[in-house]
Amino acid sequence: MALLEAIGISKSFLFHKQWVKVLADLAFEISEGEFVSIIGSSGCGKSTLLELFAGITAPDSGSIILAGEEITGRSGLLGYMPQEDLLFPWLSTRQNALLPAKIKHHDLKQAKAKIEDLLPVFGLEKHADLLPYQLSGGLKQRVALLRTYMIGSRLLLLDEPFASLDALTRMQMQDWLQEIQSRLKLTIILVTHDIREALRLSDRIELMEKNPGRFVQSYKLEPEIKDQPSSMDSLLQEILSKF
Ligand SMILES: Nc1ncnc2c1ncn2[C@@H]1O[C@H](COP(=O)(O)OP(=O)(O)OP(=O)(O)O)[C@@H](O)[C@H]1O
Ligand SMILES: [Mg+2]
């Protein structure tokens, strides 16, 4: 059974007094433990889709189903990390990480203990009392991911989490994300513009086209393919040719 499923999702936005269909009759599913990347040109509706999953907005039609239960339009159930960095500049790493528990009125003592356990997992034990401006880009993204994880879901929706990082830091963060995925048994939907990143990390890549946004091609990445540089290279060329 799919852990998360989208069925017949449509969404329009008002643009210059006209309704524009951004997503049309879109379907998607992800199984527990899977890592799926969503790629597609700018404006095809990737962020809109994650917002729909996260319940930030509701679709015009269609349903979103989590572990068999309809959650359409309900927020706070999945670990959603938006495209912009939304760390509060006046809060330390610890305080930023505690925010989801505060918002959800969870037991703060328990949440604080959980954060102490997670700080080393996220490589932040030396940065726990620093403010965001004192952290490098990679560290800030770790704090944002820790805070996302503290929402309490093992299903993470990550919208271009490494876009602002330099190439080396980005690769280190990709390795690290893979490590915490297996350590914390995460299911991940990653939106990225970086096809190499998608190839490196994913079990499956879903390609979107725009006007209206819909999935047009799915690439399953079996572990055997990942070990063959020539297969990966031809897949990269194939995906690039579709853009
Ligand atoms: N709240 C909104 N109101 C009006 N139009 C919107 C809104 N949100 C998104 N759009 C429009 O919907 C389309 C899809 O936007 P979205 O942000 O989902 O694209 P994207 O694939 O994430 O693009 P990018 O790769 O640049 O982040 C765009 O044309 C955008 O202008
Ligand atoms: Mg986007």
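Within the group Ser230, Ser153, Ser218, which residue is under 22 Å from Ile9 (Cβ atoms), modelled with pLDDT under 95 and more than 16 Å from ligand 1 (Cβ to nearest atom)? Before the answer, list the steps.
Working: Ser230 fails: under 22 Å from Ile9 (Cβ atoms); Ser218 fails: modelled with pLDDT under 95.
Result of the check over Ser230, Ser153, Ser218: Ser153.
Go through (1) crowded, with 17+ Cβ neighbours inside 10 Å; (2) closer than 30 Å to Leu240 by Cα; (3) touching a Phe, Trp or Tyr at 6+ places or on another chain (Cβ under 9 Å) for Ala97 and report which single condition fails.
Single failed check for Ala97: (2).
Going by the conditions given, is Ser202 over 16 Å from the mean Cα position of the chain (by Cα), among the hydroxyl-bearing types (Ser, Thr, Tyr), in the same structural domain as Ser42 (by TED's automatic domain parsing) and at pLDDT 95 or above? Give the derivation first.
On the way: over 16 Å from the mean Cα position of the chain (by Cα): no; among the hydroxyl-bearing types (Ser, Thr, Tyr): yes; in the same structural domain as Ser42 (by TED's automatic domain parsing): yes; at pLDDT 95 or above: yes.
Judged against the criteria, Ser202 is not a match.
If you go through region 182-190 one residue at a time, do you hit one that is within 26 Å of Ser153 (Cα to Cα) and within 16 Å of ligand 2 (Cβ to nearest atom)?
Residues of region 182-190 that are within 26 Å of Ser153 (Cα to Cα), as a first pass: 182-190.
Adding the requirement that they be within 16 Å of ligand 2 (Cβ to nearest atom) leaves 189-190.
Scanning region 182-190 turns up at least one residue that is within 26 Å of Ser153 (Cα to Cα) and within 16 Å of ligand 2 (Cβ to nearest atom).
State which residue is modelled with the lowest pLDDT when the search covers only region 104-144 and only residues that are polar (S, T, N, Q) and loosely packed, with under 15 Cβ neighbours inside 10 Å. Full working, then the answer.
Within region 104-144, the first condition is being polar (S, T, N, Q), and the residues that meet it are 110, 134, 136, 141.
Going one step further and asking which of them are loosely packed, with under 15 Cβ neighbours inside 10 Å, we end up with 110, 134, 136.
Working: Gln110: 96, Gln134: 96, Ser136: 89.
Among residues in region 104-144 that are polar (S, T, N, Q) and loosely packed, with under 15 Cβ neighbours inside 10 Å, the one modelled with the lowest pLDDT is Ser136.
When region 1-18 is examined, which residues are found to be part of a strand (DSSP E or B), more than 10 Å from ligand 1 (Cβ to nearest atom) and at pLDDT below 95?
Once the filter is applied, which keeps residues that are part of a strand (DSSP E or B), more than 10 Å from ligand 1 (Cβ to nearest atom) and at pLDDT below 95, region 1-18 yields only Gln18.
Could you figure out which of (1) out of contact with any Gly (no Cβ under 6 Å at 6 or more places or on another chain); (2) under 14 Å from Glu206 (Cβ atoms) isn't true of Cys44?
Only one criterion is unmet by Cys44, namely (1).
Being among the β-branched types (Val, Ile, Thr) and more than 8 Å from ligand 1 (Cβ to nearest atom) is the filter here; which residues of region 19-57 pass it?
Just the residues of region 19-57 that are among the β-branched types (Val, Ile, Thr), to begin with: 20, 22, 30, 36, 38-39, 48, 56-57.
Correct list: Ile30, Val36, Ile38, Ile39, Ile56.
Identify all residues within region 176-222 that are over 16 Å from Ser37 (Cβ atoms) and assigned to a helix (DSSP H, G or I); write none if there are none. Before you say what the answer is, go through the steps one by one.
Of the residues in region 176-222, the ones over 16 Å from Ser37 (Cβ atoms) are 176, 179-180, 182-185, 210-212, 214.
Scanning region 176-222 gives Trp176, Glu179, Ile180, Ser182, Arg183, Leu184.
Counting just the residues of region 171-213 that are among the charged types (D, E, K, R) and buried (at least 20 other Cβ atoms within 10 Å of the Cβ), which one comes out nearest to Met150 (Cα to Cα)? First the steps, then the outcome.
Let us first name the residues in region 171-213 that are among the charged types (D, E, K, R), namely 175, 179, 183, 185, 194, 196-197, 200, 203-204, 206, 209-210.
Within this subset, residues satisfying the condition of being buried (at least 20 other Cβ atoms within 10 Å of the Cβ) are 197, 206.
On the way: Glu197: 25, Glu206: 27 Å.
Ranking the qualifying residues of region 171-213, first place goes to Glu197.
Quick one: what pairs do we get from region 60-89, first residue without any contact (Cβ under 8 Å) to a residue 24 or more places away in the chain, second more than 16 Å from ligand 2 (Cβ to nearest atom) and in a loop (DSSP other than H, G, I, E, B), C-beta under 6 Å, 6+ apart or different chains?
Taking only residues 6 or more apart or on different chains, the pairs are Ile71/Leu77; Gly73/Gly55; Gly73/Ala58; Arg74/Gly55; Ser75/Gly55.
Which one of the conditions (1) surrounded by 14 or more Cβ atoms within 10 Å (Cβ to Cβ); (2) in contact with a helix residue (DSSP H, G or I) (Cβ under 6 Å, 6 or more places away or on another chain); (3) in the same structural domain as Arg204 (by TED's automatic domain parsing) does Thr57 fail to meet, given that it meets all the rest?
Thr57 satisfies every listed condition except (1).
Scan region 21-45 for residues that are within 16 Å of ligand 2 (Cβ to nearest atom) and surrounded by fewer than 18 Cβ atoms within 10 Å (Cβ to Cβ) and jot them down.
Answer for region 21-45, where residues must be within 16 Å of ligand 2 (Cβ to nearest atom) and surrounded by fewer than 18 Cβ atoms within 10 Å (Cβ to Cβ): Ser41, Ser42, Gly43.
Among the residues of region 46-59 satisfying the criterion of being in contact with a Lys or Arg (Cβ under 7 Å, 6 or more places away or on another chain) and either within 16 Å of ligand 2 (Cβ to nearest atom) or free of Cβ contacts under 8 Å to residues at least 40 places away in the same chain (or both), which is farthest from Gln217 (Cα to Cα)? Steps first, please.
As a first pass, look at region 46-59 and keep what is in contact with a Lys or Arg (Cβ under 7 Å, 6 or more places away or on another chain): 48, 52, 55, 59.
Adding the requirement that they be either within 16 Å of ligand 2 (Cβ to nearest atom) or free of Cβ contacts under 8 Å to residues at least 40 places away in the same chain (or both) leaves 48, 52, 55.
Details: Thr48: 19, Leu52: 21, Gly55: 25 Å.
Going through the qualifying residues, I end up with Gly55.
The values are calculated or read from the model by the stated rules, or taken from the named source; none is laboratory data. What you are looking at is a predicted structure, and each value in this text was computed from that prediction instead of being measured. So basically every Cβ, Gly included, is an ideal-geometry build from the backbone, and we count neighbours across all protein chains shown.
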